[in-house]
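In what follows, a structure is listed as structure tokens, so that the remarks can point back to it.
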Amino acid sequence: MGDPKKIFVLTGAGVSAESGLGTFRDRGGIWARFDPMRLATPEAYAADPDTVLDFYDHRRRGVVAAEPNAAHVALVRAETRLAARGGHLFLCTQNVDDLHERAGSRTVVHMHGELLKARCTACGAVTPWRDDLNRTSACPACGTVGRMRPDVVWFGEMPMQLDTIEDALAAADLFVAVGTSGAVYPAAGYVRQARALNIPTCEINLEPSDNAEAFDDARYGPASTALPRFLA
Ligand code: BJW
């Protein structure tokens, strides 16, 4: 793979698994226990906001209690090392937790949003999610009551910062996907976009993902050991 200077890293739930946060599609994962169509769609929120907000309250408590692991730390080290020699690590995460930031990553693009932020469905303002923010809370920006939702991307909604992501992908000289099943689009399509641009690709995962055949290279094992080894 030469000596890459601009690395595009796409992370998924597997990167936070060893921090104790559940993945979605593994055995016993979040979508094995809960129906995503009843919890992670705009229609579900419109039909039963209390159930959806309770689910995200529970998830948020898990995120707050979790700590970054060695995979998050390896990405910080690689970002620092690349920057020191004029390169760049672009970190695009599908994760809604803040473990990359808490590990020290400076720039993180959260394409599926952030669990610790709330969005007002009346005015669109995004604010930190406070403990006391719930279905009877007023939006701090416009004052509307009971219209706050988690600032995450549900099925059928447009992921965030797609133009920034596609520009970074086009500029990369290595594409790495870590801890993602390759089941959810558009993220799952990035490996093929990279291949079409002749960018080398590697997946790091516990086991072959749904997209495994699209990658040039693969390292299988827990992200906390396989990723630091790959980036060393
Ligand atoms: C480890 C490990 C360890 C474990 N170490 N590894 C039919 C065909 C194609 C597309 C569609 C279709 N029907 C509908 C669609 C579109 C839909 C989609 O892709 N659906 C598929 C399910 C088929 N996509 C959308 O709706 C998206 N929007 C969209 O398409 O807009 C239109 C558009 C976009 C762009 C251009 C033009 C139009 C929105 C998707 C939103 C996803 N939202 C969620 C929930 C977020 C909020 C929340 O957290 O509740 O995002 S769903 C969930 O899946 C979450 C994740 O970010 C996302 C991806 O999951 P991830 O990270 O890959 O986790 P897992 O569990 O799937 O995989 C974990 C992996 O880690 C596994 O492989 C393990 O083996 C591995 N692992 N432990 C290393 N220790």
Q | Identity of the residue in the range 4-44, at pLDDT below 95 and in contact with a strand residue (DSSP E or B) (Cβ under 9 Å, 6 or more places away or on another chain), that ends up nearest to Leu89 (Cα to Cα) | A | Lys5
(Q) Given the criterion more than 30 Å from Arg135 (Cα to Cα), among the aliphatic types (A, V, I, L, M) and more than 9 Å from the ligand (Cβ to nearest atom), identify the matching residue among Val15, Val9, Val52. (A) Val9
Q) Is there any pair linking a residue in the range 180-197 that is over 14 Å from Ile165 (Cα atoms) and in the same structural domain as Ser16 (by TED's automatic domain parsing) to one that is assigned to a helix (DSSP H, G or I) and away from the ligand (no atom under 11 Å from the Cβ), with Cβ under 7 Å and at least six apart or on different chains, and which? A) Arg192/Ala214; Arg195/Ala214; Leu197/Ala170
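Quick one: which of Ala177, Ala196 is of a type in the set (A, V, I, L, M, F, W, C) and within 13 Å of the ligand (Cβ to nearest atom)? Give the steps one after another, and end with the answer.
Values: Ala196 fails: within 13 Å of the ligand (Cβ to nearest atom).
Of the residues listed, the single one that is of a type in the set (A, V, I, L, M, F, W, C) and within 13 Å of the ligand (Cβ to nearest atom) is Ala177.
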Q: Find the residue count for the range 199-220, including only residues that are farther than 24 Å from Met160 by Cβ, within 12 Å of the ligand (Cβ to nearest atom) and in contact with a helix residue (DSSP H, G or I) (Cβ under 8 Å, 6 or more places away or on another chain).
A: 4
Q. Within the set of pairs 6 or more residues apart or between chains, which connect a residue that is within 14 Å of Asp57 (Cβ to Cβ) inside the range 128-150 to a residue that is at pLDDT 90 or above and part of a loop (DSSP other than H, G, I, E, B) with Cβ atoms less than 7 Å apart?
A. Met148/Cys139; Arg149/Thr121
**Q.** All positions within the range 42-59 that are surrounded by 14 or more Cβ atoms within 10 Å (Cβ to Cβ) and farther than 15 Å from Met148 by Cα
**A.** Arg59
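The values are calculated or read from the model by the stated rules, or taken from the named source; none is laboratory data. Fair warning: this is a prediction, and the values are worked out from it, not measured in the lab. Here the Cβ is made from the backbone with ideal geometry for all residues, glycine too, and neighbour counts use every protein chain on show.
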